[in-house]
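Have a look at the structure below, then the notes.
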Amino acid sequence: MKYLFEKKLDFPDGHHHPEHGAKMACENVDFWYGDTHALKSVDLEIFANETLAFIGPSGCGKSTLLRCLNRTNDIIPGARLEGRVTLDGRDLYDPTLDPTEVRRRFGWVAQKPNPFPSSVFENVAYGPRIRGHVHRRDETEALVRHCLERVGMWEELKDRLGDPGTDLSGGQQQRLCIARAIAYGPDVILMDEPCSALDPTATARIEALIDELRSDFTVVIITHNMQQAARVAQRTAFFHLGELVEVADTETLFTEPADPRCHDYIIGRFG
């Protein structure tokens with residue numbers, strides 16, 4: 001198979017680097033919603049300081065696994081997980097762990113931008129403040145500035161910190177949500193189709209930001225946009241009917257997929 005699109009894909013340094021060890025691991029993970037077997041024997045390593053993309057047709061288990069990583073599936077009645085999900089070698093489903101504390105080690109960026117109905121400043125400052133990461137006003141101001149600089153918005157918003165976050169454009173709102181997600185220093189950032197509601201210009205800025213953030217964070221992103229996966233992810237995992245079918249360096253998976261189901265999905269034969 002040559003190229004999957006009209007133009008040659010520009011893969012983002014599209015290989016796993018051996019010096020990056022596993023930050024997280026899923027070991028023989030099965031998951032049920034009541035009687036529905038949503039994930040089936042998933043084994044997956046997620047490496048530090050890399051972006052891993054989840055691809056696959058709707059309903060194949062991508063979002064379910066993303067929520068298994070930070071234990072947000074726990075709140076769903078009838079949900080049940082078997083197997084192990086580890087972060088830095090620690091089983092996140094250890095009954096001695098507080099699920100709320102587990103979730104605080106993850107940043108979450110939703111499909112649709114969802115800033116708090118408060119000021120730009122409070123959107124970033126609220127989480128670190130209630131968690132005791134900052135106490136004095138000067139500490140809080142420095143943190144807000146740092147996070148907005150990380151997402152490339154300080155110059156845009158330094159004179160609008162008191163404006164409601166909901167008054168920003170869609171792309172600005174999503175970058176504000178990313179600033180909010182990194183403000184308390186999570187280990188892993190989880191993104192569920194973060195660009196699906198954005199225009200191409202805003203999408204390009206978010207994709208560039210993802211590449212910058214992986215110097216400090218591990219990033220896992222769900223996307224239905226194959227070009228986006230090729231642009232931002234060092235490794236890509238393909239799911240189908242609750243199974244992890246194939247995971248590989250992004251360039252390898254897109255140009256020489258081992259499983260015919262992966263090949264057929266990438267070229268648009270189904271999904």
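A few comments on the model shown:
- Boolean, residue 233 is modelled with pLDDT of 95 or more, more than 23 Å from residue 143 (Cα to Cα) and surrounded by fewer than 16 Cβ atoms within 10 Å (Cβ to Cβ): no
- Qualifying residue in the stretch 77-85 (condition: free of Cβ contacts under 8 Å to residues at least 40 places away in the same chain and over 20 Å from residue 218 (Cα atoms)): yes
- Any chance residue 150 is more than 19 Å from the chain's Cα centre (by Cα), closer than 22 Å to residue 49 by Cβ and not hydrophobic (A, V, I, L, M, F, W, C): no
- Note on the stretch 161-185: among residues that are of a type outside the set (Ser, Thr, Tyr) and more than 20 Å from residue 129 (Cβ to Cβ), the one that is farthest from the chain's Cα centre (by Cα) is 167.
- Close contacts from the stretch 21-42, counting a first residue that is over 23 Å from residue 218 (Cβ atoms) and a second that is among the small types (Gly, Ala, Ser) and in a loop (DSSP other than H, G, I, E, B), with Cβ to Cβ under 7 Å and a gap of 6+ residues or different chains, come to 33/78; 34/78; 37/242; 38/61; 38/242; 40/242.
- The requirement of being surrounded by fewer than 21 Cβ atoms within 10 Å (Cβ to Cβ), within 19 Å of residue 72 (Cβ to Cβ) and small (Gly, Ala, Ser) is fulfilled nowhere in the stretch 130-145; no residue meets it.
- For the stretch 86-123, the set of residues classified as charged (D, E, K, R) and touching a residue at least 60 places away in the same chain (Cβ under 8 Å) consists of 88, 104, 105, 112, listed by residue number.
- 1 or more residues basic (Lys, Arg): qualifying strands (runs of 3 or more DSSP E) within the stretch 48-150: 79-87
- Some residue of the stretch 169-182 being in a loop (DSSP other than H, G, I, E, B) and modelled with pLDDT of 95 or more: yes
The values are calculated or read from the model by the stated rules, or taken from the named source; none is laboratory data. Worth saying up front: this structure is predicted, and the values here are computed from it rather than measured. Ideal geometry is used to build each Cβ from the backbone, glycine not excepted, and the neighbour counts take in all protein chains shown.
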